[in-house]
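Student: So that we are looking at the same thing, I have put the structure below in structure tokens.
The values are calculated or read from the model by the stated rules, or taken from the named source; none is laboratory data. Because the structure is a prediction, the values reported are computed rather than measured. All Cβ positions, even for glycine, are placed from backbone atoms using ideal geometry, and neighbour counts span all protein chains on display.
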Amino acid sequence: MDVAELLAGIDAELRAMGSPERAAQEKAYLKSRLDHYGVSVPAVRAVARGVAKRRPPLEREELLALVEALWAGTVYEWRRAAVELLELGGDRLQPADTVLIERLLRESQTWALVDGLAALVAGSLVERHPELGVVLDRWAGDPDFWIRRSALLALLVPLRRGGGDFSRFSRYAETMLEEREFFIRKAIGWVLRDTGRKRPDLVYAWLLPRAGRVSGVTLTEAIKSLSPAQRAEVLAARYPYPDGVATSRGLT
């Protein structure tokens, strides 16, 4: 595989699909320091799928070399394509590749790259190699809030399916529950909401005694999958009034 040739082909495809108007809007929305072509996520994913379907398929070393080359550029869509390629080729990744994934997470500086890397790339690798839980344990205490967010989101997909390691999530969330960082608060609520789709009783039992401690951002997301009666009880515990009426005031 010629990385430079493949990179040039990916770049040509992305440029052809770009929109200057979308590029300006996206760059402003993401507060991005990168260059933007203005390509939609589905379109970037389609380009990555085209690469993933090459015959013969990329070997692990080739995949990682291409990801490194894409990431080294200054174009947002290149990095987005790198994330997609890691997801599509996740079955080729090995435990040692968490070093690369962690570096990419630290360099992402935006949820638009972090979330896929954490939930779909790191999460899949940890699910296949449970011994990597120690890496998530370290991430959960990292000074970088994007890495802490990644520790939470790496547990998301199996929890959404009705399995997963809720006790590990609980430990992480407990230590971050009173953080003021929006992206941490949102991630806790997101995992609870998606877990609640299959196991609302589990989320309700976890959330009720913590209703007075969670942020409004977390609570707004977390109660979405609960029954009306469960939501009312959690809100009443969070906002108790003498007349027994719960209110959603403050859920911001």
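Residue by residue, here is whether (1) under 27 Å from TYR29 (Cα atoms); (2) in contact (Cβ under 8 Å) with a residue 40 or more places away in the chain; (3) among the hydrophobic types (A, V, I, L, M, F, W, C) holds:
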site: TRP111; (1), (2), (3): yes, yes, yes
site: GLY116; (1), (2), (3): yes, no, no
site: GLY141; (1), (2), (3): no, no, no
site: ARG185; (1), (2), (3): yes, no, no
site: ILE188; (1), (2), (3): yes, no, yes
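Student: Answer yes if at least one residue in region 172-186 is aliphatic (A, V, I, L, M) and touching a Leu at 6+ places or on another chain (Cβ under 6 Å), and no otherwise.
Tutor: Taking every residue of region 172-186 in turn, none turns out to be aliphatic (A, V, I, L, M) and touching a Leu at 6+ places or on another chain (Cβ under 6 Å).
Student: Which helices (runs of 4 or more DSSP H) does region 78-160 wholly contain that include 1 or more residues that are surrounded by fewer than 19 Cβ atoms within 10 Å (Cβ to Cβ), at negative phi and small (Gly, Ala, Ser)?
Tutor: Details: elements: 98-108, 111-116, 123-128, 133-140, 145-153, 156-160.
Ranges flagged: 111-116, 123-128, 133-140.
Student: Further, regarding this structure: Please list, ordered by first then second residue, the pairs with beta carbon atoms under 6 Å, 6 or more apart or interchain, first in region 162-183 and more than 17 Å from ARG148 (Cβ to Cβ), second of a type outside the set (A, V, I, L, M, F, W, C) and crowded, with 17+ Cβ neighbours inside 10 Å.
Tutor: Hits for this filter: GLY164/PRO158.
Student: Among the residues of region 200-237, write down those that are β-branched (Val, Ile, Thr) and in a loop (DSSP other than H, G, I, E, B).
Tutor: From region 200-237, those β-branched (Val, Ile, Thr) are 203, 214, 217-218, 220, 223, 234; that's our starting set.
If the condition is that a residue be β-branched (Val, Ile, Thr) and in a loop (DSSP other than H, G, I, E, B), then VAL214 is the only one that fits.
Student: If you don't mind, there's one more thing I want to ask. Name the pairs whose Cβ atoms lie under 6 Å apart, with the first residue in region 18-43 and part of a strand (DSSP E or B), the second of a type outside the set (D, E, K, R), and 6 or more positions between them or separate chains?
Tutor: ASP35/THR74; ASP35/VAL75
Student: Something else: Among the candidates GLU13, GLU61, which residue alone is touching a residue at least 24 places away in the same chain (Cβ under 8 Å) and either under 17 Å from ASP115 (Cα atoms) or in a helix (DSSP H, G or I) (or both)?
Tutor: On inspection, the qualifying residue turns out to be GLU13.
Student: So which residues in region 44-58 are buried (at least 18 other Cβ atoms within 10 Å of the Cβ) and in a loop (DSSP other than H, G, I, E, B), if there are any at all?
Tutor: LEU58 - this is the single residue of region 44-58 that is buried (at least 18 other Cβ atoms within 10 Å of the Cβ) and in a loop (DSSP other than H, G, I, E, B).
Student: On the basis of being more than 12 Å from the chain's Cα centre (by Cα) and either buried (at least 23 other Cβ atoms within 10 Å of the Cβ) or among the hydroxyl-bearing types (Ser, Thr, Tyr) (or both), does SER170 make the cut?
Tutor: Spelling it out, SER170 is indeed more than 12 Å from the chain's Cα centre (by Cα) and either buried (at least 23 other Cβ atoms within 10 Å of the Cβ) or among the hydroxyl-bearing types (Ser, Thr, Tyr) (or both).
Student: Please specify each residue of region 221-249 satisfying the condition of being at pLDDT 90 or above and farther than 16 Å from ARG197 by Cβ. Even if it seems obvious, please write down each step before you answer.
Tutor: Step one: of region 221-249, the residues at pLDDT 90 or above are 221-238.
Passing the criteria: ALA229, ALA232, GLU233, VAL234, LEU235, ALA236, ALA237, ARG238.
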